Structures are given as structure tokens and as C-alpha cells.
Amino acid sequence: MRVCLVSLTYPPQSSEGIPRQRQTLAHELVRLGHQVSVVTLGEHPGMRWDGPVPVYECSPIPYHYTNRAEQVNHLLGCSQALYEGIKRAGQTEPFDIIDVPLWFGQGLVPILYLKPVVVWIQTTTAQLVRLRGSPATPAERFILGFEQLCLDLASGILSDSSVALQKVAEDYRLHGDQVVSTAMLGLPALAQMPEPRRSERCVEALVVGRLEHRKGTDLLLFEILPQVLRQRPYLRVRLIGSDNSRYDGWSQKYGKTYAETFRQRYPALADRVIFEGYVSESVLQQAYTQADLVLVPSRYESFGIVYLEAMRAALPIITFNSGSVSEIFPEGEAHGAVIVPDGDTCAFAAELIRLADQPSERAAIGQRGYQRFKEQFTAEHMAKATLDHYRRVLESQSTALKTAREVYQVMEALDVGDAVSRIACDHARRMQQLGQPADILARFAHDKVRHMTAPLHTALTREKVGLIFHYWHYNRSAWLISIVRGPKAIYYHNITPPEFFSPRSRSYISSYNGYRQIRKIINDFDLIVGDSQYNIDELARFLEKPKPSIVIYPAIDLKDQEYDGDLYYRLLEKNEVNIVFVGRIAPNKRHDRLIQLFDYYYRFINRHSHLWLIGNNQGHEEYINQLMQMKIQSIAADRIHFTGKVSEAELRSYYKSATIFVCASDHEGFCVPLVEAMSYGVPVLAYAAAAVPETMGDSGILVYDWNVVRVAEMMNLIIRDRELREKVVASQYRNLQRFTDEQAYQRLQAVISFLCEGRLEDPIQFIYPQNWQKE
């Protein structure tokens, strides 16, 4: 494969992150048998050799585009020069792939006139503006437009981390026609593991990278180091990197560089904080051999090659949990880095003191980082992932990906105890039976189910991938939708309307943003899946054209599973009525109605009774306080029980001991607890709101007018009238046939057939937008 790698700068003129990656990738691709040329800017136009790699240097071309920002004119001149350099380098034989960094839109002119071009993304201008916290300058607004155009026209998008990719998807429009992948950075491996440096006189901490706001220079120099250096006189800090204070606003604000400001404020510490500025590659590598640990206080790194340099040198790292840190070091110290909460300078200082005091701990963490480097971050790993992306781009030039080979479920967070996570976990087993990956792609996962998950960016490392995207509130993983090119299904579990929550509360904001987001993304899906027809119908108001849809009811069968025997017998020992409701404490669940109902029932019908309200009681403090006041004011206060979140075994005990299950909810997208109660032979009485009638079917008792007296009398009749109770339970057992594992399997199979083969088969049906005129 003939590859052209483009970069504004290239070693030895610069050894910062982008030029270092370009050089490392070029040499490794050549080692793997490919032809590589580099096109860059330089003072001496012409061709020179960097070992086996020809480097074509070009001079920036004078260019006038705008009177508002000279920086923009210079950038466009640079981009024009790079374009002409690519043409000259490929004059003898055209390139198969041209690879251009997104940085400052430098690839704009090449992308306009050449194909195929891969855009390699790192930290974007949008991210820099966000970190600075002030509006974009006129020049930055131009550059943002250039970057957007590069992304629009690129044949492929390659990122150094899934975090950087996510930020790009959030900040720019991605139309989804490009091939998108991640290829984490890599460095050439060392012949042998470095020996730990041991000095009885001092401990040296190394900081590598530009001195600027994004790199957290101000946090390190003025919040972390002063307190640490005073406590540990044997510690010294060495900073290597050019000072960017002129461009990030520090010099304008304080009139001095970072180094000058530090020396002025802390003259007693100045001899132990060494500012070396930009150094050559040989001096930099020597600095790693002399250091004891590496500090990375960055506010954001799309990847950060300094991490790999430290790992390769077997040096422990202290860093904030920002950017790609959790992706590079998912197990923290076990992978070579001490990770502290983002922006927590006190925690950073404490960890620096800890490692400064413990040479054996430093060595152990450094060794683990070195092993992590060898296993995941060598130049060969990076080059092979990059080549895989190039091949996919070339294939995509002639082949459109219309069907999926593999289908993954996607979750914002996989938890234990909640209905959506349970549904996804159940489907994981069925996915495996259908020959699909069982792994659930998730941003977050509870420790108990983490083994069932894989990172979101897994979808970008496979050919012809389809998604089943679970959605129930604002979702920060939605960036995948515009990036994954294969067919996609949304699995809609309903969003509780924001009017049920207090304005400005977390739930209100999440719900409100969820509805805003669903409007934007719903038409990007090829298939709509819902827990109920109610959920699918709710999406009709957001559709622009008809979409195929399918209902997959949750499969429910708890009656033969393990329960908490001690709890079960305690609940039954007094032979009293147990009225049960299961659901998180939230305003739409209407626990207040249940307390009013029970208060009347206890006062006037049966004093030998209890109300058990089972579910998570965190997150809606105002509503919970209201319920507590209602409980206190009731004469049945000691018979009203809020259990909080319970274990699965405890939950089954409550169902098993229940006399009746009562639901007064105003909004449910399906309501799994209704069916769970049915599976235990517990008669169900429910208010007919939202999807509840669909869930109940022709079973149980539905109440269309919530009148406390009438509902209490009806509840008592079900409890006391044995014949009526048996009829209700019998109808519920018949209803359970809609919620079997076999039914769920068959319907999921139809989803997989649609995504992988494009087949529209029963029970898939079309849903139409509201007010759509059917032909």
C-alpha cells in the first residue's frame, strides 16, 4: 500500500505529539512492507530522507483570504503548500491513502481535491475553546468551519482514542457515510525493560508537554507543587516543553510567562523547579532515564503520547481522570498510572507525596505500566490498527455497507436491579444463541455485570457492524449513531415526561434533554424496537417518514428462582394482608396515591395489613419528603414501609408473600413489576395510564378513575372473595404467555434478520409519523 502521511511539522523540527506519531507510524508501516512518504512544511523545500522514509518539505504559500484574522490566511497558505507537496510526492505513482491530521484544519485543501483522504483526529479547536471557557475568536470560528468541512469531505475518520472521537461527534456534524475507527498511539518497543532509578539524595518528577492551560500547567505550578515541595525538600521537578503562555492567555493576564510567574511567587522553591523549554529528542529520552516518576496534570488529552513514553520507561504516572485516561489505564495503578479525580489538586498532591516517599511502590507501578505498554501500545499495534482502517476505507470506496455482519447492544450504563439492564442482559444470552456478540457496549457498568460489557469503541474495530441502541433518557453515547455506518435499531424504553419532576432538578433536565435528543437522532435509525406498542407510538410524533418497528415484550418468569427465606417467613408470620408496589420513588409512580389508599383501607376496612413500597429511594428528595410527611400524618404510619432498593432474592420474597399488588402510576412505558407480580400468582390492581393497559392485557383489574374509596373497596373484594381472586389470577397466568422467553427470542431474531439481511418479516410492522397521509 502506498501511503502519504501529512503534518505541519515533523522531526527534527518538532518532537511534539503529532509529528512524533507521524514519524513512528511512517517507520513502522515501512517495516511492515508498505511504501510511505511524508509531506510537511520546512525552511528548505525539497526531499530529504528520514531513514527509509522520504520526507517532502514545502514552504508556506502567501495567501489572502480574510482581513479579520491573519492566522487564517497563514493556515490556508500552509494547507495549499501541503496539497502541492502531496501532488509532487505522488507524481510518479498515486497514493492509495492520504492521511491528514484534523489539527487546525490543515488538510482542507488536500481534502477538497484529492481522494481518498483519511482525517486523523486529536484535540479539536472546539475542545480547546470549551476548555478555555470563553467564546471562540474570529480566527477560531474560521478554523472550526475548516475542521467541519474536513470531516464532511473525508473518506474516513481515524481517532487516537474513543474519547476524542466522542468529542468530535458531540461538537461537529458527522454524516455517517465515512469509515470511522480508533487506532491508539504507539511507540517503538525497547530491547529490555529499563532499570528503576534509585537515588538517596533526591526524587525527580518529570513533566513533558507544552506549558499551557489545557495541559494543566497552572494547576501544577500554583496549586500542587508549592505545598508538596515545602513538605518534601528532596523532591525536584523538571518541566520539558515550550511555553505557550503567549497564546493561551496567561501572559496577557499576568504579564509574565509561567516560569517567570512561578519564580516571582515562590523564589524559595525556584531552584527545585527546572524549566528547560523545548529540547531535542535525545535530551528528552535522557530525561526519562533520569526521572523517578511522571506528572501529567492535563485538563484534557485526546490521548497524550507522554503516557506511552512514561510507560515505556517503566515510570509511574500521576494524572487526572480526564480525556482518554480511563481508556489507556482502565485498571489504574494495575496498568501503570495513579489516577485522581479530574481537577482535584489536593488528591494529586497527596499521591505525589505518597510516591515520592515510596521507591518500591514507584517501581512496582512503573513495571506494571511497562507490561501494559508492551501488550497494547507498541508501534506495531498502532500501525496494524491504522492499516486495518485504511483497508476499510479502500473497500468502502466501491462497496456500500447496507447490512451488518455483527450486531451489538449499546447501553449508556449497565446496572443491576433496573428493568432496562435486566432486559439487555437477557438479550445478551439470546444474541449469543443467534450467533451474535453477547458483549454489551457500555460507557459504565456495575461491578457485578462488568464482565458482560465491552468498550463502546469496539463497534469501530469491526467490519459491517449494526447496533441495537437502548434508549430511556438523555444518552451521552449517542455519538456512536452518526459514526457507525451499518444499520441501527433504537430500543426505546420510554422517557418519563419532564412535567412529572421539579424544574431544574436532575431528573427534569435529563428528561427534557432526552426528548430534545430523541428528536434529533430518531430519524437516523433504520428500525424502531419498543418494550410496548405504546412506546413505539410515542416516537411517531418525532418521525419524518415511516419506519419499520417491532415490539419485544420483556420475558418475565421469577417464580422458580431463589428467594430470601428468612424475609419471606417474617412477612407471613402474622398472617396479615401485604399490599405491595415495586418501583423507584419518583413522582410519576404516585406513591402518594398508594399511601392515601392504604390510609383509608387501614382506617375503615382492615387493621391487620401492611403497605410495602419497594424501590430505590434516592434522587427525588422533595417528593420523598412529601411522602414521609404523609406517612407521619397517617394513623397507619408504622404499617407503611419504604424498603429502599433490595436484592433480587429479597424482591422475590416480597412478591411471594404479597396478598395483592397495586399500581397507581401515571406513566409507565411497560411496567415490568406488574408482570413479575403476575408470575407469582399475585392479583394485580392497576390504574389504566400510559402503557399499563397494554401490559395488563385482558387480565387483572384495571381502574380508569382513581377514587380512593372505590379503589379500596375493590381491593378488599379481590382480597376477600376467593372466587374472584382465582379468576383474576387465572386471567393473569394466561396473560403471561405474551411475555415468554420464546416470544422474546423470536422477535429478537426478526430484529437480527432485518439488520443483517434486510428482511422485513412478521411481526415487523411500519409506524407512520403523526398526520402522515398513507397512500
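The values are calculated or read from the model by the stated rules, or taken from the named source; none is laboratory data. As the structure is a computational prediction, the values presented were derived from the model and not from experiment. Heads up, the Cβs are rebuilt from the backbone with ideal geometry, glycines too, and the neighbour counts pull from every protein chain shown. Quick note on the areas: whole protein, heavy atoms, side chains included, nothing else; ligands and nucleic acids left out. Shrake-Rupley method; radii C 1.70, N 1.55, O 1.52, S 1.80 Å.
Screening Met628 on (1) more than 30 Å from Tyr471 (Cα to Cα); (2) of a type outside the set (D, E, K, R); (3) touching a Phe, Trp or Tyr at 6+ places or on another chain (Cβ under 6 Å) shows it passes everything except condition (3).
Looking at Arg230, Arg272, just one residue is out of contact with any strand residue (DSSP E or B) (no Cβ under 9 Å at 6 or more places or on another chain), farther than 27 Å from Ile328 by Cβ, among the charged types (D, E, K, R) and in contact (Cβ under 8 Å) with a residue 24 or more places away in the chain, and that residue is Arg230. For segment 147-164, the set of residues classified as assigned to a helix (DSSP H, G or I), hydrophobic (A, V, I, L, M, F, W, C) and open to solvent by less than 20 Å² (accessible area, probe 1.4 Å) consists of Cys150, Leu151, Ala164, listed by residue number. Here the condition is being surrounded by fewer than 15 Cβ atoms within 10 Å (Cβ to Cβ), over 17 Å from Glu16 (Cβ atoms), of a type outside the set (Asp, Glu) and touching a Leu at 6+ places or on another chain (Cβ under 8 Å); of Arg230, Arg272, it holds for Arg230 alone. Scanning segment 47-88 for residues that are open to solvent by less than 40 Å² (accessible area, probe 1.4 Å), hydrophobic (A, V, I, L, M, F, W, C) and within 21 Å of Tyr113 (Cβ to Cβ) yields Cys58, Val72, Leu75, Leu76, Cys78, Ala81, Leu82, Ile86. Taking the criterion of being loosely packed, with under 14 Cβ neighbours inside 10 Å, over 43 Å from the mean Cα position of the chain (by Cα) and closer than 26 Å to Phe501 by Cβ, the only residue of segment 627-642 that qualifies is Gln633. Checking Tyr258, Tyr254 one by one, the residue that is open to solvent by less than 70 Å² (accessible area, probe 1.4 Å) and without any contact (Cβ under 8 Å) to a residue 60 or more places away in the chain is Tyr258 and no other. For Ser7, state whether it is among the hydroxyl-bearing types (Ser, Thr, Tyr) and open to solvent by 10 Å² or more (accessible area, probe 1.4 Å). It is false that Ser7 is among the hydroxyl-bearing types (Ser, Thr, Tyr) and open to solvent by 10 Å² or more (accessible area, probe 1.4 Å). The single residue among Tyr600, Tyr534 that is farther than 27 Å from Glu742 by Cβ and out of contact with any strand residue (DSSP E or B) (no Cβ under 6 Å at 6 or more places or on another chain) turns out to be Tyr600. In the condition set (1) crowded, with 20+ Cβ neighbours inside 10 Å; (2) at pLDDT 95 or above, Asp248 is compliant with all but (2). For segment 573-627, filtering for residues that are in a helix (DSSP H, G or I) and among the polar types (S, T, N, Q) leaves 4.
Looking only at residues of segment 723-747 that are farther than 20 Å from Ser532 by Cβ and among the hydrophobic types (A, V, I, L, M, F, W, C), we find that the one that is surrounded by the most Cβ atoms within 10 Å (Cβ to Cβ) is Val728. Of the residues making up segment 23-36, those that are buried (at least 23 other Cβ atoms within 10 Å of the Cβ), of a type outside the set (Asp, Glu) and in contact (Cβ under 8 Å) with a residue 40 or more places away in the chain are Leu25, Leu29.
Residues considered: Glu562, Glu621. Of these, the only one that is more than 24 Å from Gly681 (Cβ to Cβ), modelled with pLDDT under 95 and out of contact with any Phe, Trp or Tyr (no Cβ under 6 Å at 6 or more places or on another chain) is Glu621.
Taken across segment 715-722, residues that are outside any loop (DSSP other than H, G, I, E, B), at pLDDT 95 or above and open to solvent by 100 Å² or more (accessible area, probe 1.4 Å) do occur, with at least one present.
The residue pairs whose first member lies in segment 609-631 and is within 20 Å of Met715 (Cα to Cα) and touching a residue at least 24 places away in the same chain (Cβ under 8 Å), whose second member is aromatic (Phe, Trp, Tyr) and open to solvent by 30 Å² or more (accessible area, probe 1.4 Å), and whose beta carbons are closer than 6 Å, counting only pairs six or more residues apart or on different chains, are Leu613/Phe642. Of the residues in segment 520-529, none is buried (at least 19 other Cβ atoms within 10 Å of the Cβ) and either more than 19 Å from Ile767 (Cα to Cα) or in contact with a His (Cβ under 8 Å, 6 or more places away or on another chain) (or both). Gln737: without any contact (Cβ under 8 Å) to a residue 24 or more places away in the chain and within 32 Å of the chain's Cα centre (by Cα), yes or no? Spelling it out, it is not the case that Gln737 is without any contact (Cβ under 8 Å) to a residue 24 or more places away in the chain and within 32 Å of the chain's Cα centre (by Cα).
Of everything in segment 585-626 that is charged (D, E, K, R) and more than 28 Å from the chain's Cα centre (by Cα), the residue that is nearest to Trp706 (Cα to Cα) is Arg593.
Filtering segment 464-484 to residues that are surrounded by fewer than 23 Cβ atoms within 10 Å (Cβ to Cβ), farther than 30 Å from Asp666 by Cβ and of a type outside the set (Val, Ile, Thr) leaves Lys464, Trp479, Ser482. Restricting attention to segment 110-146, the residues that are surrounded by fewer than 16 Cβ atoms within 10 Å (Cβ to Cβ), modelled with pLDDT of 90 or more and among the small types (Gly, Ala, Ser) add up to 1. Restricting Gly216, Gly209 to residues that are buried (at least 20 other Cβ atoms within 10 Å of the Cβ) and either among the β-branched types (Val, Ile, Thr) or at pLDDT below 95 (or both) narrows the list to Gly209.
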